Every structure is written in C-alpha cells, then in structure tokens.
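J.: Below is a structure I'd like to ask you about.
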Amino acid sequence: MTVAYGPMLDALRGVRWPARRAVGAALPGAHRSRQRGTAGEFTEYRLYRQGDDPKQLDWKLLARSDRAFVRLTDDRALVPTWFVLDASASMAFPDARHLTPGVPNKWSVARAIAVGLGAVAHASADPIGVLCAGADGTRRLAPRTRRGTVNDVMRTLDEVTPGGTASLAPLLAPLSPNTRVVVVSDMLGDLDDVLRAVAQLTAAGAMAEGVHVVAAEELAPTIGARLAQDPEVPQVERVIDRNALQGYRAAFDAFRAETARRWRATGAGYTEVQTDASMPRAIRQIVGGQA
Amino acid sequence: MISFLAPWVLGVAALAAAAVTLLHFLSVRRPPTYVLPTARFVTARDARAVSRSARPSDLLLLLLRVLAVLAAGVALAGPRWSSSRESVAHIVVADPSWHGDSASMMGRVLGDANQSGVVRVAWLDSTGGMRDELGAAIPAAWHEAGVLLRDVPSLDSVALHVFAPRGGSDSYRGWSAWRSGWPGRVAVHVPGDSAAATPRTASTSAVLVRERRDDDVVRAAIALQTGRASVGDGADSSVVLSGDAGTGRVRIEWPASGAPTGWTARSDTAGALVAGNQALVQPWIRRAAAPEMAGLTRVIARWGDGLPAAVETTNADGCLRTVAVAVPNGSDVLNTSAGQAFVRMLLAPCGEAAGARAALPQALLADSGGARALATTTALRRAFPPSTGVVPAWLPSVLLGVAIALLLLELALRSGTPAEPERA
C-alpha cells in the first residue's frame with residue numbers, strides 16, 4: 001500500500017453511515033428496511049391474527065390484559081455501496097510541480113474519500129465496490145463484504161493513474177436501484193450526463209451522493225502572466241492575471257453553487273470537499289448529510 | 001569630410017535608433033502555460049504578454065530598422081560633403097594698384113612658410129572701391145565669405161587680408177563701422193611706400209607733347225614740374241611721359257580742344273575743378289563728358305558738380321590719364337598752387353594720382369597684430385540666412401531611398417518569417 005490511510009481509518013472508527021431512507025428488500029443488514037418483521041428492534045404491538053407465529057406473542061402483555069398481541073420490529077437490510085470515481089486528467093491537478101506542501105491533489109482526495117467511506121460502510125457490513133474511469137480504461141471491483149475488502153479497494157485505487165477524458169455516466173447506467181452510489185468527481189467532465197443518470201437511479205429508488213472535489217489551487221490560482229490550459233480540452237487556453245482573477249472566482253463560485261443545486265435537485269446528497277480539508281471531517285460530513 | 005546643416009536631427013535619429021534597439025529587448029510572447037482544469041472559467045482574451053529578454057530578438061530586423069532610421073536621419077540632417085580638407089581659408093580684398101605685385105601679395109597672405117590653402121581674391125574697382133573708402137573692403141569680404149561657406153563646408157575659420165590702395169584712401173571714416181561687423185582678425189597690408197604726403201612726379205626720360213603750341217600753358221606747366229623741356233611732334237594732342245619701369249609708364253592725354261578719346265562732347269560750364277584736396281575755382285568751360293567707368297579706370301579729378309574731369313586707366317605699360325580740362329590759352333590757373341598741385345598729381349606715378357591722401361592710420365594696421373582670432377565659420381554663418389544648400393544635392397534623396405528600401409526589406413522579412421511558437 002503506497003498511501004497510508006491508517007490515521008484516517010482510525011479517526012473514522014465507530015462512524016456509522018445510515019441510509020437516508022428505508023431500503024428495499026435486501027439481505028439483512030444494518031439499515032432500516034421498508035419491510036416490517038418480527039426480528040430486530042421492537043416498534044409496536046399488533047393483535048394476534050390467525051396464522052401468526054405464536055412465538056411472537058407477548059405473554060406478559062397477555063397476562064396483564066387478557067388480550068393477545070404480537071410484537072413487531074423493523075427489519076434491517078444491508079445496502080451495497082458503489083464508489084464511482086472520476087480518474088480523468090483534471091483529477092491529477094495540481095501536478096507534483098505545483099503541489100502545495102501538505103495538500104494532496106484531487107485524485108488523492110478522491111481515493112481517500114472512497115477508502116474512508118468504504119471503510120465506514122464495510123464496518124456496517126455493507127458490500128462495497130469501486131468503479132473507476134481513468135487513462136487505462138475502467139476499473140471495477142464488485143461489491144463485497146468479506147474481510148479485507150477495504151484493502152482491495154485501496155489496492156485497486158492505488159493502481160489507477162488519472163488521465164484521459166473518460167465519461168462517468170456509462171458507469172452509472174447499469175447500477176441497480178437497490179444500491180447506494182457515491183460519485184466522487186471534480187464535476188468538470190460529463191456533468192450533465194452524470195446528473196441525468198443519477199436522477200434515473202434516485203427515481204428508481206437508489207440513494208446517491210455526489211462528492212465534489214475542489215482543489216485549493218483552483219479556488220486561489222497563482223497570479224501571474226501565465227497561460228492556463230485545460231488538461232482535458234487543450235484548446236482552452238486563458239491568460240489568468242490579476243485583472244482576470246476576480247471574474248474567474250465569480251464564475252467558478254457560480255459553477256459550484258449551480259452544481260450543488262442540480263445535484264440536490266436529483267434527490268441526491270451533495271458535499272463539496274476541498275483538497276486542503278481534513279479527510280475524516282469531510283467523510284463525517286458526507287455520512288452525516290450535513291453538507 | 002561631411003558636415004550637417006542641422007546636426008540636431010542626427011541626435012534625434014540616434015535616439016530613435018536606441019529606442020528601436022531597446023524595443024528589441026522586449027519580446028511579445030505567449031506566457032508560459034500551466035495546467036488548470038478550471039481554465040474555462042477565465043475570460044478569454046489575447047494570450048500574449050510582454051517580457052524582457054537578455055538578448056535582442058530578430059537581429060536581422062533590428063539591423064535593418066536601425067540602418068533605416070540612421071539613413072533617414074542623415075538625409076534629413078542636410079549633409080554637406082566636401083572632398084576638401086581645408087580648415088582655414090584666406091579672403092584677399094585688394095585694390096587694383098596691387099595688380100602688378102600679386103606675388104608679394106600672396107606671399108604676405110600665405111606667409112614665409114609657403115603654406116597652401118584656399119584663397120579667394122576680390123579685386124575692387126578703382127571707382128567706388130577702397131580708393132574712396134577703405135571700409136568698402138569689408139562688404140566685399142562678406143560676399144566672398146558667403147561663397148566660401150557654400151563651396152567649402154569643411155572650413156573652420158577664415159582669415160581676411162585687406163590690401164590697401166597704394167597712396168592711401170580718400171576716407172577711412174567708414175572703416176570702424178564696417179570692421180566691427182567682421183567676427184575675426186583683419187590683416188591690413190600696405191605697400192612699402194603707400195603713405196605719401198605729396199605726390200611724387202613720375203621719373204621721366206622724356207616728355208613728348210603733341211600738337212601743342214610752344215606757348216601752350218599746359219606744356220609750360222609740365223615743363224615747370226618735370227624740369228625738362230618737352231618735345232613736340234605734332235602727332236596728337238597728348239603729353240607723353242616715359243616713366244621708369246618700376247613705377248610704370250605714365251601717359252597723359254590732355255587735348256587742347258575737343259573731347260579726349262572715348263569721351264563725348266558737351267558744352268557747359270563748371271565752377272570748380274577738384275583733385276585730391278585741391279580745388280581750382282574759376283568759370284570753367286566743359287567740353288567733354290566722361291564715358292562709363294569700368295575695370296581699371298578711376299576718377300582722379302572731378303568738376304564741382306561731381307562729374308569726372310580726369311580719369312586714370314591702368315594698362316599693361318602703366319597708366320593712361322585722360323584729362324578733359326580745357327585751359328584757356330594764356331591762363332595762369334596752372335601756375336597757382338592748386339594748379340601746380342593738379343599738374344603734380346597728373347605727373348605722379350601710376351596709382352598715386354588724386355593728390356595727397358591721408359596715410360593709413362596706424363590703428364588700422366594695429367588690427368592686424370593678431371590679437372583677435374580668425375573669424376570662425378560658425379560666426380560667419382550667423383550672418384547668412386539658413387543655407388538650404390545640401391552638397392551634393394542628390395545625397396538626401398539617395399539616403400531617403402536607402403531608408404525606404406531597408407524598410408521594405410524589413411517588411412518583407414517580417415511577413416515572410418513564420419511565427420515562432422514562443423515569440424510573436
């Protein structure tokens with residue numbers, strides 16, 4: 001393992017990531033299920049009906065009230081969680097020459113978020129899987145719950161080199177609605193297609209989270225007579241200097257606000273994570289839905 | 001050697017060339033690129049920036065531009081090319097009485113060292129020249145100075161030599177006023193015996209009187225002055241005096257009646273005859289009018305109304321004095337002191353007629369003591385209007401043509417050179 005996630009995982013120990021709504025029929029797990037059953041946490045009494053299992057009768061209540069009631073509890077189900085990571089060329093920003101000491105680049109943050117959230121989900125016995133579109137094509141790690149899955153995720157993501165202009169939307173289309181999908185991206189690629197795919201998933205019952213990774217250097221680019229070039233669209237070259245900085249910031253802020261609005265409009269959660277933020281804290285924000 | 005009418009234009013051209021060179025140290029180039037995924041949010045505009053570089057760019061273009069600017073500057077500065085390397089020129093203003101002494105005159109100008117140099121000589125007329133007023137030399141000197149400044153632009157300074165008339169001038173009153181305008185030293189040269197209180201009579205070997213009666217008063221007056229009996233041959237009405245070779249032969253044509261050769265007949269009267277500082281006052285009958293004075297002819301006696309009565313013409317032998325004064329026979333006017341002085345004047349060696357003149361004042365000679373520097377061409381040029389004479393006249397056109405050709409070549413080079421990826 002080339003990246004040390006130990007401190008982050010230690011900080012996330014005990015963090016739970018409950019589903020924001022009741023999940024559909026699934027294997028028993030940690031999440032509240034839409035189905036009502038007789039196992040799990042007590043929720044209410046119901047009059048005994050013909051055919052109920054007599055073992056569910058609350059005998060004490062029967063003794064007190066001379067009436068037969070059955071104890072009902074909520075079912076818990078697991079939620080397979082897919083982490084869909086954007087490994088396009090823009091995620092490699094900033095490169096090693098322009099990296100601020102102590103601040104990782106966007107891809108490192110995306111990996112950390114995926115590993116952190118994956119560890120949290122795996123701790124609740126949820127299967128976790130990874131889909132990643134990068135320079136070398138698509139990497140896929142099917143959801144699994146076995147011991148060591150988090151290490152598998154780490155290993156899979158360590159082998160990915162960001163580059164190219166691969167689209168994320170095709171990765172979302174085949175996903176099942178009974179899943180939780182976490183899209184980790186800088187939202188500078190095929191955002192419209194991704195949002196359309198996410199909207200379809202959420203409409204079908206899936207839970208979606210969008211994690212918008214923003215580099216600190218994108219919020220405050222270096223001032224000087226330099227030519228900024230988009231790594232995914234080389235034809236886009238702009239002179240960014242003191243005069244252009246204010247306009248740039250306004251435009252980028254507007255883009256981020258609009259992106260947040262669109263994500264939430266699809267029924268998905270949205271969290272913006274800056275590269276200079278604390279990863280455990282960011283992950284807590286994601287799981288807590290506080291962004 | 002080249003000089004310029006407007007040297008300041010060269011300075012402007014040099015500044016412009018320096019500015020062009022400095023601009024070539026600034027290069028307009030594309031700024032360095034760096035990756036920014038959010039570049040799309042920057043407003044698009046011209047992606048070029050000005051930066052300084054340690055070495056000038058486009059050396060060939062720089063050379064063409066500098067040469068074009070300098071060529072145009074030289075053309076507009078009014079170049080004057082002179083193959084002459086003379087820095088000092090001599091202006092000689094001389095009286096015609098120095099004609100026979102040109103060698104010694106040039107010797108005085110150029111000195112014992114036998115130096116060479118540009119020398120312009122202006123011979124003033126006997127009439128209206130330095131003989132009447134010595135100061136007439138200065139305007140002539142200014143005229144010659146203008147010619148020198150035009151023809152020899154490489155000159156630094158001008159030396160003025162004034163050769164005063166033999167026998168002095170009638171007036172020196174105008175000298176100071178004219179002299180003050182000349183911005184340098186004036187060397188006034190005098191003949192060895194130019195100052196004469198009384199005119200000398202020509203040394204004669206014979207006096208020939210033609211067609212004059214023995215009792216002619218003119219013959220008598222001449223005999224009285226020369227101490228020699230005159231000899232008559234009846235050939236013409238003239239008095240011939242053979243003078244020494246050193247002073248030149250003096251010939252006097254003094255017809256007893258009628259008009260002298262070349263004069264026109266007239267008949268009127270005059271109240272006085274003036275020669276030098278002598279005046280013969282009596283009712284004179286004028287029988288001739290003088291012709292146009294030209295060349296080496298000068299008036300040596302005038303009637304009271306200013307018309308010439310006697311003139312002296314310098315010739316190869318010496319001089320011819322023509323006298324149109326009809327002395328009545330039996331008159332004793334020539335025996336008076338004024339009349340004797342008149343006759344002595346006519347008998348004086350060539351150039352010394354018109355009686356006794358004032359000697360050249362020593363103050364004038366003192367001016368040639370060298371206390372003042374030679375007149376500089378800079379000071380002389382201030383007296384003349386700005387010269388538009390470019391020498392040679394075709395030079396500015398050629399230089400401007402060269403400048404235009406260089407600029408066209410620069411344009412062609414610039415248009416033909418493909419844009420470098422890093423430089424505009």
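Every number here is computed from the coordinates shown, using simple stated rules; none is lab data. This is a predicted model, so every value here is computed, not measured. Neighbour counts are summed over all protein chains in view; Cβ atoms, including those assigned to glycine, are modelled from backbone coordinates with ideal geometry.
J.: Would you pull out the residues with amide H under 5 Å of A:R226's amide H, same chain only if 5 or more places away, H placed 1.01 Å from N?
T.: A:I240
J.: With each label point set 7 Å from Cα along the Cα-Cβ vector, what nm distance links A:E159 and A:L245?
T.: Label-label distance for A:E159 and A:L245, simple model: 4.4 nm.
J.: Can you give me the long-range amide H partners of A:T81? Hydrogens built in the peptide plane at 1.01 Å from N, cutoff under 5 Å, separation of 5 or more residues or another chain.
T.: Long-range HN contacts for A:T81: A:I128, A:G129, A:R180.
J.: In nanometres, what is the gap between the two model label sites at B:A363 and A:Q235, each 7 Å from Cα along Cα-to-Cβ?
T.: 9.8 nm
J.: Turning to a different aspect of this structure: Quick one: Karplus J couplings for the stretch B:327-336, per residue in order, coefficients 6.51, -1.76, 1.60, θ = phi - 60°, nearest Hz, x for Gly and Pro?
T.: Calculated HN-Hα couplings, in order: 8, x, 5, x, 6, 10, 4, 6, 8, 5 Hz.
J.: Taking Cα centroids, how far is the stretch A:180-208 from the stretch B:156-187 in Å?
T.: Comparing the Cα centres of the stretch A:180-208 and the stretch B:156-187, I get a distance of 112 Å.
J.: If you don't mind, there's one more thing I want to ask. Identify which of A:Y248, A:Y270, A:Y48 has the largest mean-square fluctuation in a Gaussian network model of chain A, with springs joining Cα atoms closer than 10 Å.
T.: Top of the fluctuation ranking is A:Y48.
J.: Between rounded, prolate and oblate, where does the stretch A:87-245 land on the alpha carbon gyration tensor, with a ≥ b ≥ c its root eigenvalues, rounded for a/c under 1.5, else prolate if a/b exceeds b/c?
T.: It is prolate, given that a/c is not under 1.5 and a/b is the larger ratio.
J.: Could you check the simple spin-label distance between A:Q274 and A:A216, using points 7 Å along Cα→Cβ, in nm with one decimal?
T.: 0.8 nm
J.: Something else: Each residue of the stretch A:267-276 in turn: what ³J(HN,Hα) in whole Hz from Karplus with 6.51, -1.76, 1.60 and θ = phi - 60°, glycine and Pro shown as x?
T.: Running phi through 6.51 cos²θ - 1.76 cosθ + 1.60 with θ = phi - 60° gives x, 9, x, 9, 9, 9, 10, 8, 5, 9 Hz.
J.: Something else about it: If each DSSP helix of 4+ residues adds -39,500 (n - 2.57) and the sum is divided by the residues in chain A, what number results at 222 nm, nearest 500 deg cm²/dmol?
T.: Details: 9 runs with 96 residues, N = 291.
Per the formula, -10000 deg cm²/dmol.
J.: Whole-Hz ³J(HN,Hα) for each residue in the stretch A:110-118, computed from phi via Karplus 6.51 cos²θ - 1.76 cosθ + 1.60 with θ = phi - 60°, x for glycine and proline: what do you get?
T.: Whole-Hz 3J(HN,Hα) from phi for the stretch A:110-118: 4, 4, 4, 5, 4, 5, x, 5, x.
J.: For the pair B:D101 and B:Q282, what calculated FRET efficiency results from E = 1/(1 + (r/R0)^6), where r is the Cβ-Cβ distance and R0 = 25 Å, to the nearest 0.05? Please list the in-between numbers first.
T.: On the way: r = 39 Å, r/R0 = 1.56.
Here the calculated transfer efficiency is 0.05.
J.: Can you give me the long-range amide H partners of B:V119? Hydrogens built in the peptide plane at 1.01 Å from N, cutoff under 5 Å, separation of 5 or more residues or another chain.
T.: Amide H neighbours of B:V119: B:H90.
J.: Before anything else, pin down the relative contact order of the stretch B:254-301: Cα pairs under 8 Å, at least 6 apart, normalised by residue count, whole percent. Could you put the intermediate results ahead of the total?
T.: On the way: 63 pairs, mean separation 18.9, N = 48.
Normalised by residue count, the contact order of the stretch B:254-301 is 39 percent.
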